[in-house]
Structures are given as C-alpha cells and as structure tokens.
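K.L.:
Below: one structure in structure tokens.
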Amino acid sequence: MPGLPDWPRAFGTPLFTGALKSVPADFLVTENLGFEPDGDGEHDLLWIEKTGTNTDWLARQLARHADIPARDVGYCGLKDRQAVTRQWFSVRRPGRDGTDWDALQIDGVSLVSLHRHRRKLRTGSHRSNTFEILLRSDGPPPADALAARVEALAELGAPNYFGAQRFGHDAGNLELARSVFDGRRRIDRKKRGLALSAARSFLFNEILARRISDRSWDQLLPGELAELAGSASVFDVDAVDETLRQRCIEMDIHPTASLWGRGAPRSGGRVATLERAVVDQHGALRDGLVKAGVDAGQRRLRLCVQGLQASVESAGVRLRFELGRGEYATSLLREIAEV
C-alpha cells in the first residue's frame, strides 16, 4: 500500500528528531468551546478528562450509561487516543433525573464538571484547542535556534496541512477511497465518509505542497479566494494591491485552496490553473469526489499559531500553543522537528 508523500516544509530542515506521544502525558489537549454552557436545556454538557481513550468509543459508553441512543451524544471533534485530553460531550436527557454521572466508572476517564445546555454539540462547534506537547529527544536543538524558529512560526504561521491521522493508519482511508472510486469496494456510510474526507484532504495537501514549492503559500495570488480571519467567509481577489498584500502579512486575510468536489476550482486565473495542474495528476480521486456528489469548498493555506512557547528540557523540547478547530498540531510540529 502506498504511503503518504513527505510534503515540503515551509521553514526548511527540522531542527532535531523527537519522539511524539511516548506516553499519553506527553500530549495534553484542552478543547476550548468559545462559549459558556446555557445553564438550562435538555442536554447534559460534560467536561471530561480522558487518558488513552478513543472519543467515539467514549461517546458510546456515555450513551449506554444514560440509556439513550448513541446518536443523542454529541462532541465537537475527535481527540487523540494516545494523549491526555479534556473535551466536551453533550448527552440528550430531557428529564433532569435518571442519570447518575457520579456513578460513571470508566478506566482513564474522569468527569471534571457538569452543566445543562440547550443544544447538541456538533463537529466543529468549538473555537480552538490548546496543546502542551513534550517531544522527547537525546539531542534537542540549541535554545537560540529553537527560539528563532518559534518566532518565525508565531509571526508567519505554518502550512495548514491535514495531519497524517486524517488518512488513517498507513494511509488506509486514502487507499479505501481509491478502492471505492474504482469499484473494488462497497462500504457503509461511516467508512464512506472517512474515505471521501481522506481523498479531499490529500488533494488539498498536494495543492498546498505546490504553493509551498512556489513560495506562495502565505501570499495572495490573482484569482485567489481569500478568507477573512475569524470567519469562513471568502471573497475573490482579482488583483493584489498593496492594501490586500499588507492585510495578508498582518493575517487579517488568508490565501486558500480548494477542497475538491463539484464546482472546483472556485478560484480563477493563476490559482485555478495551478490547482487544476496539481489535481489532474490524481484523476481517479478528482473524478471520484465529483461523481460522489461532494461539493467544493475552501480551506486556509496557513494556520495561525496563538501563544506559541518552546523550552528545552532534559527530556527534550516542550511546546505550548493554541490552534483553531480543524488545524493539526502535527502540521506545526513538523516545521520544528522530525517527529
């Protein structure tokens, strides 16, 4: 089975080689909702800390404990299993009686707080995730080199690649997409969703890789669909003037690339030409997504890192930072270390 390409980095050679997730405590993730629980409503909102536990599996255990269908449990996103994570779950429970959450006993799982809320949590309904990660290494980089790389990433952002976990173990979800598109496999709805997502993510990463090679991943080009910071709103850039160029430098707006599907590319000019040239090299994935009825979308080419800090310790390098929803910590880490 073919693996994933070693997509190019924007900041050059990694500074050192580090081991990621040697133990769960090396990878701490805290989910930030971006809003306060309502305080009333028909859902219990659970703030849970879990260690070495799969998000989807835990959601099913919560449903079993509350004696409700699994579809009535919601969460904002899948979190790493080999990690210590704090994340929110909603459990539909119209009556306040009947579920004793203090009696919940699951290894590696603890209930931090309980609230009432009016709405089920949906994928992507949170604002961001905060990370604290230890990359273990016998040969961490000099502190000045690390500080310079961190400063550059904090100022310029990092390539917004989809992380390897998006493609499954040994890129299995991507291979699944290929087998579905060429008629070799028929799969259920959930697996189909994973396969389509992997195919779109791969094509996006390929486009981003080309933009990095062209040194345009953090710049606006004629024909660009630019995204306004803090929103999913995009607008056409017919020509790049000094005002737009400065707004891009200040990260008020961002260049984007296509999430392939029907109607792609939505960009024009030089950007559309570049994207077609890249995607045409993967005709089976391109055509399979269109035939499957997936609508085209856009994704920012760069991720914005908030509060990035790094320190050299005896065990390696510890990093702290915050990323928006849908952004991968591993895409930032690869700009610092060979993980």
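K.L.:
Search segment 21-65 for residues being of a type in the set (Asp, Glu) and without any contact (Cβ under 8 Å) to a residue 60 or more places away in the chain, and hand back the single one that is nearest to Gly95 (Cα to Cα).
P.N.:
Of the residues in segment 21-65, the ones of a type in the set (Asp, Glu) are 26, 31, 36, 38, 40, 42, 44, 49, 56.
Keeping just the survivors that are without any contact (Cβ under 8 Å) to a residue 60 or more places away in the chain gives 36, 56.
Numbers: Glu36: 21, Asp56: 24 Å.
Residue satisfying both the conditions and the ranking: Glu36.
K.L.:
Does Ala310 qualify as being touching a residue at least 40 places away in the same chain (Cβ under 8 Å), in contact with a strand residue (DSSP E or B) (Cβ under 6 Å, 6 or more places away or on another chain) and of a type in the set (Gly, Ala, Ser)? Steps first, please.
P.N.:
Numbers: touching a residue at least 40 places away in the same chain (Cβ under 8 Å): yes; in contact with a strand residue (DSSP E or B) (Cβ under 6 Å, 6 or more places away or on another chain): yes; of a type in the set (Gly, Ala, Ser): yes.
So Ala310 fits the description; yes.
K.L.:
Which one is farthest from Asp26 (Cα to Cα) among residues in segment 82-105 that are in contact with a helix residue (DSSP H, G or I) (Cβ under 8 Å, 6 or more places away or on another chain) and charged (D, E, K, R)?
P.N.:
Top of the filtered list is Arg93.
K.L.:
Would you mind listing the helices (runs of 4 or more DSSP H) fully within segment 146-264 where at least 3 residues are modelled with pLDDT of 95 or more and either of a type in the set (D, E, K, R) or within 25 Å of Arg320 (Cβ to Cβ) (or both)?
P.N.:
Working: elements: 172-181, 189-213, 242-249.
Counting at least 3 such residues, we get 189-213, 242-249.
K.L.:
Out of Gly316, Gly307, Gly263, report the one residue that is open to solvent by less than 70 Å² (accessible area, probe 1.4 Å) and farther than 16 Å from Val150 by Cα. Explain how you work it out, then say what you get.
P.N.:
Details: Gly316 fails: farther than 16 Å from Val150 by Cα; Gly307 fails: farther than 16 Å from Val150 by Cα.
Criteria check complete, one pass: Gly263.
K.L.:
While we're looking at this one, here's another question. Name the single residue that is nearest to Val234 (Cα to Cα) among those in segment 328-339 being open to solvent by 20 Å² or more (accessible area, probe 1.4 Å) and outside any strand (DSSP E or B). Please lay out each step first, then the result.
P.N.:
Applying the first criterion (open to solvent by 20 Å² or more (accessible area, probe 1.4 Å)) to segment 328-339 yields 328, 330, 334, 338-339.
Add one more test, that the residue is outside any strand (DSSP E or B), and what stays is 328, 330, 334, 339.
Working: Tyr328: 22, Thr330: 26, Arg334: 28, Val339: 34 Å.
If we take residues in segment 328-339 being open to solvent by 20 Å² or more (accessible area, probe 1.4 Å) and outside any strand (DSSP E or B), then Tyr328 is nearest to Val234 (Cα to Cα).
K.L.:
When only residues in segment 1-20 that are open to solvent by 20 Å² or more (accessible area, probe 1.4 Å) and outside any loop (DSSP other than H, G, I, E, B) count, which is nearest to Ile207 (Cα to Cα)?
P.N.:
Among those residues, the one meeting the criterion is Thr17.
K.L.:
Looking at Val84, Val91, which is the one that is touching a Pro at 6+ places or on another chain (Cβ under 8 Å) and crowded, with 19+ Cβ neighbours inside 10 Å? Show your work before the answer.
P.N.:
Values: Val91 fails: touching a Pro at 6+ places or on another chain (Cβ under 8 Å).
Step by step, each of Val84, Val91 is checked, and only Val84 is touching a Pro at 6+ places or on another chain (Cβ under 8 Å) and crowded, with 19+ Cβ neighbours inside 10 Å.
K.L.:
Follow-up question, since we're still on this one. Might you check whether a residue that is under 25 Å from Asp67 (Cα atoms), open to solvent by less than 30 Å² (accessible area, probe 1.4 Å) and in contact (Cβ under 8 Å) with a residue 60 or more places away in the chain occurs anywhere in segment 96-110?
P.N.:
yes
K.L.:
Now for a separate question. With the condition being charged (D, E, K, R) and either modelled with pLDDT of 95 or more or within 21 Å of Thr123 (Cβ to Cβ) (or both), I'd like the strands (runs of 3 or more DSSP E) fully within segment 21-101 carrying at least 2 qualifying residues.
P.N.:
Working: elements: 27-32, 43-51, 73-75, 84-92.
Passing ranges, in order: 43-51, 84-92.
K.L.:
If Asn129 meets every condition in (1) closer than 20 Å to Leu332 by Cβ; (2) part of a helix (DSSP H, G or I) apart from one, which number is that one?
P.N.:
All conditions pass for Asn129, except number (2).
K.L.:
So which residues in segment 278-319 are under 17 Å from Arg266 (Cα atoms), in contact with a Pro (Cβ under 8 Å, 6 or more places away or on another chain) and part of a strand (DSSP E or B), if there are any at all?
P.N.:
Arg300
K.L.:
With the condition kept exactly as written, say whether any residue in segment 116-125 is surrounded by 21 or more Cβ atoms within 10 Å (Cβ to Cβ), hydroxyl-bearing (Ser, Thr, Tyr) and not in a strand (DSSP E or B).
P.N.:
Quick first cut of segment 116-125, residues surrounded by 21 or more Cβ atoms within 10 Å (Cβ to Cβ) only: 117, 121.
Next, from what is left, pick out any that are hydroxyl-bearing (Ser, Thr, Tyr): none.
No, there is no match, as no residue in segment 116-125 is surrounded by 21 or more Cβ atoms within 10 Å (Cβ to Cβ), hydroxyl-bearing (Ser, Thr, Tyr) and not in a strand (DSSP E or B).
K.L.:
Could you check Asp138 against (1) charged (D, E, K, R); (2) crowded, with 17+ Cβ neighbours inside 10 Å; (3) part of a loop (DSSP other than H, G, I, E, B) and say which number it fails?
P.N.:
Among (1) charged (D, E, K, R); (2) crowded, with 17+ Cβ neighbours inside 10 Å; (3) part of a loop (DSSP other than H, G, I, E, B), the lone unmet condition for Asp138 is (2).
Conditions tested, residue by residue: (1) open to solvent by 20 Å² or more (accessible area, probe 1.4 Å); (2) at positive phi; (3) in contact with a helix residue (DSSP H, G or I) (Cβ under 8 Å, 6 or more places away or on another chain); (4) β-branched (Val, Ile, Thr).
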site	(1), (2), (3), (4)
Glu31	no, no, no, no
Pro37	yes, no, no, no
Trp47	yes, no, no, no
Thr51	yes, no, yes, yes
Leu58	no, no, no, no
Val73	no, no, yes, yes
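K.L.:
Which one of Ser197, Ser128 is touching a residue at least 40 places away in the same chain (Cβ under 8 Å), open to solvent by less than 50 Å² (accessible area, probe 1.4 Å) and of a type in the set (Gly, Ala, Ser)?
P.N.:
Numbers: Ser197 fails: touching a residue at least 40 places away in the same chain (Cβ under 8 Å).
Only one candidate passes the filter, namely Ser128.
K.L.:
So which pairs qualify, if the first residue must be in segment 66-94 and free of Cβ contacts under 8 Å to residues at least 12 places away in the same chain, the second must be not small (Gly, Ala, Ser) and not in a loop (DSSP other than H, G, I, E, B), the Cβ gap must be under 8 Å, and the two must be at least 6 apart or on different chains?
P.N.:
Within 8 Å, the pairs are Ala70/Arg60.
The values are calculated or read from the model by the stated rules, or taken from the named source; none is laboratory data. This structure is a prediction, so every number in the text was calculated from the model and none was measured. Glycine also receives a Cβ, built like all others from the backbone with ideal geometry; neighbour counts cover every protein chain displayed. These accessible areas exclude ligands, DNA and RNA; they are computed on the full protein's heavy atoms, side chains included. Shrake-Rupley method; radii C 1.70, N 1.55, O 1.52, S 1.80 Å.
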